[in-house]
1. Name every residue in region 276-295 that is at pLDDT 90 or above and surrounded by fewer than 19 Cβ atoms within 10 Å (Cβ to Cβ), in order of residue number.
2. Could you look through region 335-347, keep only residues that are surrounded by fewer than 20 Cβ atoms within 10 Å (Cβ to Cβ) and at pLDDT 90 or above, and pick out the one that is farthest from ILE244 (Cα to Cα)?
3. Please give the number of the condition VAL328 fails out of (1) crowded, with 20+ Cβ neighbours inside 10 Å; (2) over 30 Å from the mean Cα position of the chain (by Cα).
4. Any residue in region 266-293 that's within 14 Å of ARG344 (Cβ to Cβ): show its pairings with residues that are among the acidic types (Asp, Glu) at Cβ separation under 6 Å, as long as the two are six or more apart or on different chains.
5. Just to verify a result, which residue in region 97-131, among those that are surrounded by 14 or more Cβ atoms within 10 Å (Cβ to Cβ) and among the basic types (Lys, Arg), is nearest to ALA166 (Cα to Cα)?
6. Name the residues in region 163-208 that are closer than 19 Å to VAL50 by Cα, of a type in the set (Gly, Ala, Ser) and in a strand (DSSP E or B), would you?
Amino acid sequence: MYRLRLLAVLAIAVVAGTGSSAAFAGAPIVGPDGQVPTLAPLLREVTPAVVNIAVKGHEAVNPLFNDPLYRRYYAVPEGAPTRETQAAGSGVIVDGTAGYVMTNNHVVEHADEIVVTLKDNRQLAAKLVGADSETDIAILQIAPKNLTAITIGDSEKLEVGDFVVAIGNPFGLGQTVTSGIVSALGRSGMHIENYENFIQTDASINPGNSGGALINLRGELVGINTAIIGPGGGNVGIGFAVPINMARSVMLQLVAYGEVKRGRIGIELEDLTPDIAEALSMDAQGGAVVSRVVKGSPAGRAGIKAGDVIIEVDGSPVRNSTDLRNRVGLTPIGQSMRLTILRRSGKSMVDVKIESAG
């Protein structure tokens with residue numbers, strides 16, 4: 001596991017009829033208006049919002065000291081030897097007025113110095129506004145002068161088979177555009193981040209693309225390119241992007257607090273499988289089964305019980321337990337969510353207020 005076509009036109013040789021008339025390989029595909037299909041006009045509008053990120057920093061020579069799990073339980077000794085590091089990645093201008101750039105946490109987590117290079121070759125010093133290792137999202141800020149921001153889309157509207165375009169800085173080559181389709185949605189269990197709900201795509205994503213844009217054919221940002229599967233560190237057609245709806249929720253908290261303040265409602269969950277649905281005599285295709293309710297928790301006070309199946313949050317279907325965990329974890333503390341619950345007695349709705357997990 002490594003972090004990190006409109007449709008590509010292929011000319012096909014077609015023999016038409018039995019006479020000498022034929023269409024040869026390489027012949028252009030022309031539309032009714034005489035124009036050849038191209039993504040160029042769309043990309044002219046979007047690519048100025050995608051930036052290259054260069055990072056200089058220091059990390060401990062002992063690899064244990066760079067392990068987040070180690071650092072959680074043990075203090076790194078003072079004076080431990082370090083070495084200078086350099087890295088390159090990508091980012092997306094999501095707010096031109098404030099100068100906010102969205103990228104991956106792993107691109108900038110060891111940074112002492114961050115430089116953002118725009119498509120017009122301007123180089124701007126960037127400061128870290130905040131970062132969240134749980135979702136691998138970070139927000140930078142640059143001088144808000146003559147910046148082009150991308151339009152934010154709605155990743156919940158994506159479907160498998162939708163065409164997407166990835167823009168970034170693979171291998172430090174400079175801005176590069178690749179294309180493909182959405183191969184799968186809601187990928188989790190990849191052990192890349194703690195909160196996973198990845199868009200999977202076959203648009204080429206390689207080292208250096210991390211933090212770059214995944215856009216739809218409307219030019220809207222639908223994901224932040226984050227990771228790949230590739231035995232040699234290169235693209236094999238399986239790339240992952242953080243959905244923009246998740247990334248935007250993280251961004252709002254990072255801008256407000258510099259960190260993500262996660263809460264809880266006090267339940268333990270498991271996926272609703274066909275066997276569990278049959279055992280509970282429920283006709284549900286998706287959802288999360290409550291296996292335990294913490295006494296005195298928001299869920300307990302709302303009347304949620306073990307065996308309940310949560311099928312919707314604020315009217316939006318719940319796919320599985322991971323989906324529900326992600327939504328709870330990204331909802332600001334103090335905000336309420338309306339849960340639709342199935343139990344043997346029927347369907348009901350309850351409002352649950354997110355409380356601090358601390």
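The values are calculated or read from the model by the stated rules, or taken from the named source; none is laboratory data. Predicted, not measured: the structure shown is a model, and the values here were computed from it. All Cβ positions, glycine included, derive from the backbone under ideal geometry; neighbour counts span all protein chains shown.
1. SER291, ARG292, VAL294, LYS295
2. Kept after step one, since they are surrounded by fewer than 20 Cβ atoms within 10 Å (Cβ to Cβ), are these residues of region 335-347: 335-338, 340, 343-347.
From the residues that got through so far, the ones that are at pLDDT 90 or above too are 335-338, 340.
Working: GLN335: 21, SER336: 22, MET337: 20, ARG338: 22, THR340: 25 Å.
Filtering region 335-347 for residues that are surrounded by fewer than 20 Cβ atoms within 10 Å (Cβ to Cβ) and at pLDDT 90 or above, the one farthest from ILE244 (Cα to Cα) comes out as THR340.
3. It is condition (2) that VAL328 fails.
4. Listed pairs, sorted by first residue: VAL289/GLU270; VAL290/ASP308.
5. Looking at residues that are surrounded by 14 or more Cβ atoms within 10 Å (Cβ to Cβ) and among the basic types (Lys, Arg), I get LYS119.
6. ALA166, GLY168, SER179, GLY180
Residue by residue, here is whether (1) on the phi > 0 side of the Ramachandran plot; (2) touching a Phe, Trp or Tyr at 6+ places or on another chain (Cβ under 6 Å); (3) outside the structural domain of ASP162 (by TED's automatic domain parsing) holds:
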position	(1), (2), (3)
LEU214	no, no, no
LEU217	no, yes, no
VAL236	no, no, no
PHE240	no, yes, no
GLU268	no, no, yes
SER281	yes, no, yes
GLN285	no, no, yes
ILE304	no, no, yes
